Amino acid sequence: MDKPQFNKDQVISASHAVKRFAEVRRNAKSKPQFISQNNNIDSVIQSYEDYEKMYMELESLRELFYDLQLSERIKKADLNPQHRFPIREVMGSDNYAEFQQIDPNSISDEELFE
């Protein structure tokens, strides 16, 4: 995967960013601003709108990947019905730990059966 591309005018030294933060913020509304320290990109300032869009796309991809994993596991189970999968294996460790924390009474019947 390629690294993000940017123009020279989008790279600002950390000291310049400190002195002209309002200008950097204003420029970030039209295109991300890359803050450099010791000739290395250290931080990125971007508009909240761009951040929110990027966040939503990432979450969508995470859900898609999760659905793909579940689909593959279902296919395996269908091909080999005598083999059972533990719920922890199906959900993955992190999701299983989160699942264990759910209070079964925290969701009303109305919400559950919408």
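The values are calculated or read from the model by the stated rules, or taken from the named source; none is laboratory data. Only a predicted model underlies this, so the values are computations on that prediction, with no experimental measurement involved. Positions of Cβ are generated from backbone atoms using ideal geometry, with glycine treated the same way; all protein chains shown enter the neighbour counts.
Is it fair to say Leu68 is free of Cβ contacts under 8 Å to residues at least 60 places away in the same chain, within 16 Å of Pro4 (Cα to Cα) and assigned by TED's automatic domain parsing to the domain that holds Asn95?
no
Residues of the range 26-51 being loosely packed, with under 11 Cβ neighbours inside 10 Å and in a helix (DSSP H, G or I), which ones?
Those that are loosely packed, with under 11 Cβ neighbours inside 10 Å and in a helix (DSSP H, G or I): Tyr48, Glu49.
Anything in the range 5-25 that is surrounded by 13 or more Cβ atoms within 10 Å (Cβ to Cβ), in a helix (DSSP H, G or I) and of a type outside the set (Gly, Ala, Ser)? List them, or say none.
Gln10, His16, Glu23, Val24, Arg25
Please verify whether the range 60-81 includes one or more residues that are modelled with pLDDT under 85, surrounded by 13 or more Cβ atoms within 10 Å (Cβ to Cβ) and out of contact with any Gly (no Cβ under 9 Å at 6 or more places or on another chain).
Checking the range 60-81: at least one residue is modelled with pLDDT under 85, surrounded by 13 or more Cβ atoms within 10 Å (Cβ to Cβ) and out of contact with any Gly (no Cβ under 9 Å at 6 or more places or on another chain).
Condition check ((1) touching a strand residue (DSSP E or B) at 6+ places or on another chain (Cβ under 8 Å); (2) within 30 Å of Pro4 (Cα to Cα); (3) modelled with pLDDT of 85 or more) across all residues:
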site: Met56; (1), (2), (3): no, yes, yes
site: Arg84; (1), (2), (3): no, no, no
site: Ser93; (1), (2), (3): no, no, yes
site: Phe113; (1), (2), (3): no, no, no
